[in-house]
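Working notes for the structure below.
The values are calculated or read from the model by the stated rules, or taken from the named source; none is laboratory data. Model, not experiment: these values are computed from the prediction. With ideal geometry, Cβ positions are generated from the backbone for all residues, glycine too; neighbour counts draw on all protein chains shown.
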Amino acid sequence: MTPSSSNPLRIGTRSSPLAMAQAEMTKAALIAAHGWDEAAVLLVPMLSSGDKVQDRPLAEIGGKALWTKELERALLDREIDIAVHSMKDVETVRAEAFRIAAMLPRADVRERLIGAESIAALPRGAKVGTSSPRRAAQLKALRPDIVTDSIRGNVATRLSKVASGEFDATLLAAAGLDRLGQSEIGVAIEAGQMLPAASQGSIGIDCLVERPEIAALLAPVNHQPTFDCVMAERAFLEALGGTCHSPVAAQAAWEGGAILLKAEILREDGSERQSGSIACTVGDSAAPAQLARQLLDTASPELRTLFEG
């Protein structure tokens, strides 16, 4: 396939402002890599089920698949050629028809706290809006007095709920704010204090396995260090098990010629946290699985239940 204005490469994306910004980044990367005309790449926005239902936590209404299933259907029906995802929204176990063929360079993996200068500075009994079991558990591990409640909607909606006083604070991914041109908002929370979600800050480009010609077009924009680290994090999640209700964090980074994978699992109320790290090689799934076993072996029966059914 040679994309052109009459036969463009069609990029499927959710229609939210952040998803559109990520799709535009992908389009720009492909055009720069191949020297294509602007008209050779077409964005195809879609409304996902996760975007339609905003009044309940994601884990209660179907989990991560709600962000991706419409795009996957469009790939299968050949309505689009590739799909752009926030990798932390992509299910760990997927149908064999799909392939994450490339990832863009990873952005800032940290959280940003909106509403206070630090977690310590939050007032006693502060109400923090988050629909993430991981963020809620990590906050409560640091500040058991904090009350968390579900907050859904796009970035603008969440910011408005803090501004109006409905919540004292919220946490948002730094990468998303940066991509929306809102880098000045919030205070960064270092990963040493709150380890991020697996794949946070990474953008994946999806295609059908049966279309190798599309994967070949994506190869020049793949950032291999990001790809290798994110795949190590995803291997850890797959070995760990669990659901969207399970509080878990993982971050892999290149250190000294190897991938160092750090991870933690928590009880929902933050009363128990099991952490560890392991060195991995590229494409190694055994080491991430070993780390998952170590954390589960040291966990209480109550914590293990969150990951073993």
Quick check on my filter: what residues within segment 59-95 are assigned to a loop (DSSP other than H, G, I, E, B) and either of a type in the set (A, V, I, L, M, F, W, C) or at pLDDT below 95 (or both)? 61, 62, 63, 64, 80, 90, 91, 92, 93, 94, 95
Suppose we filter 266, 240, 218 for residues that are among the aliphatic types (A, V, I, L, M), touching a Phe, Trp or Tyr at 6+ places or on another chain (Cβ under 7 Å) and in contact (Cβ under 8 Å) with a residue 24 or more places away in the chain; which single one remains? 240
Scanning for something in contact with a Pro (Cβ under 6 Å, 6 or more places away or on another chain), buried (at least 18 other Cβ atoms within 10 Å of the Cβ) and closer than 14 Å to residue 119 by Cβ, does segment 142-155 turn up at least one residue? no
For segment 238-260, how many residues meet the condition of being under 18 Å from residue 132 (Cβ atoms) and touching a strand residue (DSSP E or B) at 6+ places or on another chain (Cβ under 7 Å)? 7
For segment 108-119, which residues satisfy the criterion of being assigned to a loop (DSSP other than H, G, I, E, B) and touching a helix residue (DSSP H, G or I) at 6+ places or on another chain (Cβ under 8 Å)? 108, 109, 110, 115, 119
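Yes/no matrix, rows are residues, columns are (1) surrounded by fewer than 24 Cβ atoms within 10 Å (Cβ to Cβ); (2) more than 20 Å from the chain's Cα centre (by Cα); (3) under 21 Å from residue 238 (Cα atoms):
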position: 171; (1), (2), (3): no, no, no
position: 184; (1), (2), (3): yes, yes, no
position: 189; (1), (2), (3): yes, no, no
position: 198; (1), (2), (3): no, no, yes
position: 201; (1), (2), (3): no, no, yes
position: 210; (1), (2), (3): yes, yes, no
position: 213; (1), (2), (3): yes, yes, no
Kindly indicate whether any position in segment 106-113 is buried (at least 21 other Cβ atoms within 10 Å of the Cβ), more than 21 Å from the chain's Cα centre (by Cα) and in contact (Cβ under 8 Å) with a residue 40 or more places away in the chain. no
Contact list, first residue from segment 7-25 and in contact (Cβ under 8 Å) with a residue 12 or more places away in the chain, second anywhere and among the hydroxyl-bearing types (Ser, Thr, Tyr), beta-carbon distance below 6 Å, six or more apart or interchain, is 14/48; 19/13; 23/13
Index of the failed condition, residue 266 passing every other in (1) buried (at least 22 other Cβ atoms within 10 Å of the Cβ); (2) within 24 Å of residue 206 (Cα to Cα): (2)
Just one listed residue, out of 281, 243, 298, is surrounded by fewer than 21 Cβ atoms within 10 Å (Cβ to Cβ), hydroxyl-bearing (Ser, Thr, Tyr) and over 30 Å from residue 145 (Cα atoms), and it is 281
